[in-house]
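Some notes on the structure that comes next.
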Amino acid sequence: RDAIRAVQRDLFVVGAEIATSIDAIELLTRRIDAGRLADLDRRRDALEAVTPWPQGFVVPGANPASAHLDHARSVARRLERCVTRILDEGVIENRTLLMWLNRLSDYLWLLARSEEEHPDLLDAPE
């Protein structure tokens, strides 16, 4: 649950950054920066270290939670393509945001595989 909440908090920052014009971007108090990227990398690396690598092709949907995580990953990839386009068009300038989205989809993939291995992990009480 903490992993999902951390992603959700950062996604609010992503949304604010995308919705803010370049002229007003400095008014944002939180942005996707190198520190947030490093934090996501640390979380991804820690999860990768304890998640068994699947043998063969992964078919999404082993259980409802992993299916939702796989869907979230595909949405993150779609957002990554949209952000690539608006970066190229000059609508936004933060290339770290694009790198963060790329890492996010990797992290969501690992969360889905972890959920398949430990199906009650996300439902555990806090």
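Each reported figure results from applying straightforward, stated rules to the coordinates on display, with no laboratory input. Note that the coordinates shown come from a computational prediction; the quantities given were computed from them, not determined experimentally. Don't worry about glycine lacking a Cβ; one is built from the backbone with ideal geometry, like all the others, and counts go over all protein chains shown.
Listed values, structure above:
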read-out: DSSP H segments from the chain that extend 30 Å or more along their own axis, Cα-based, with Kyte-Doolittle mean of -1.0 or above; value: 64-88, 95-117
read-out: Most mobile of L108, L27, L11 in a GNM of the chain (Cα contacts under 10 Å); value: L27
read-out: Cβ-based exposure ranking for S74, S66, S105, in which fewest neighbours within 10 Å come first; value: S74, S105, S66
read-out: 10 Å-binned pair-distance histogram of the chain (Cα, whole percent); value: 12, 42, 30, 13, 3
read-out: Least to most buried among F12, F57 (fewest other Cβ within 10 Å first); value: F57, F12
read-out: P(r) histogram, all alpha-carbon pairs of segment 48-95 included - 10 Å bins from 0, percent; value: 22, 34, 24, 19, 1
